[in-house]
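Written out below as structure tokens is the structure these notes cover.
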Amino acid sequence: MLLLRRFYFYRLKSHFLILLFAISFLFYACDSQRVFEGYQDLPQRKWADNQIMSFDFEIQDIQVPYNLYYHIRNTLSYPYYNLYIVYELKDSTGKVIAEKMIENNLMHPQTGEPYGKGIGDLFDHRFALLTNYRFARAGKYTLHLRQYMRMQELPEIVAVGCRVEKAIEN
């Protein structure tokens, strides 16, 4: 009898895992606007000022505008409320087609309350780089991101990411 219960338990458990995987796949696949999304982890929780995060993606349809975002995952121990980023967007020939230094707040400047979405000690942030951007031609592109703070190693940055999506036209 005990053996039969274990069999049913493991069978139910495997069915549950398959169902969970299928639901996760559907949610992931239903994001029809996404062209590219990727993250690079920083296992030491430090982002060096000479460490360039590169993300390669391909644009096929130049008839639609796109939004480009960068993602930051940090801990609550991050020592600043803001973050300076320098980005470069290069086409397949290596030509820089967009570049800029931007500042974004990860926390409220006075209260220190974290912005973004968080679970426990980790917070995720998404910041726009380019909105409704129209690429001149189809092909491969590379986005380079680097931190531009006054520290050689910026502590408590866990991951850096990039998302490219088709802009929703109204």
(Q) Looking only at the range 65-99, filter to residues that are closer than 17 Å to VAL164 by Cα and hydroxyl-bearing (Ser, Thr, Tyr); which one of those is modelled with the lowest pLDDT? (A) SER92
**Q.** Filter result for TYR133 (surrounded by fewer than 20 Cβ atoms within 10 Å (Cβ to Cβ), touching a Leu at 6+ places or on another chain (Cβ under 7 Å) and closer than 15 Å to VAL96 by Cα)
**A.** yes
Q.
Which pairs turn up if I take residues in the range 132-145 that are without any contact (Cβ under 8 Å) to a residue 40 or more places away in the chain and in a strand (DSSP E or B) and look for partners that are among the small types (Gly, Ala, Ser) and surrounded by 12 or more Cβ atoms within 10 Å (Cβ to Cβ) with beta carbon separation below 6 Å, at least 6 apart in sequence or on another chain?
A. none
Q.
Looking only at the range 146-162, how many residues end up being more than 12 Å from ASN50 (Cβ to Cβ) and part of a strand (DSSP E or B)?
A. 7
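For every residue, the table says whether it meets (1) within 27 Å of PRO65 (Cβ to Cβ); (2) of a type in the set (Val, Ile, Thr); (3) surrounded by 13 or more Cβ atoms within 10 Å (Cβ to Cβ).
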site: ASN104; (1), (2), (3): yes, no, yes
site: TYR115; (1), (2), (3): yes, no, yes
site: GLY118; (1), (2), (3): no, no, yes
site: ASP124; (1), (2), (3): yes, no, yes
site: HIS144; (1), (2), (3): yes, no, yes
site: GLN152; (1), (2), (3): no, no, no
site: ARG163; (1), (2), (3): yes, no, yes
Q: Taking the options GLU169, GLU165, name whichever one is part of a loop (DSSP other than H, G, I, E, B) and within 27 Å of GLN33 (Cβ to Cβ).
A: GLU169
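The values are calculated or read from the model by the stated rules, or taken from the named source; none is laboratory data. Nothing here was measured: the structure is a model prediction, and the numbers come from that model. FYI the Cβ positions are ideal-geometry reconstructions off the backbone, even for glycines, and counts take in every protein chain you see.
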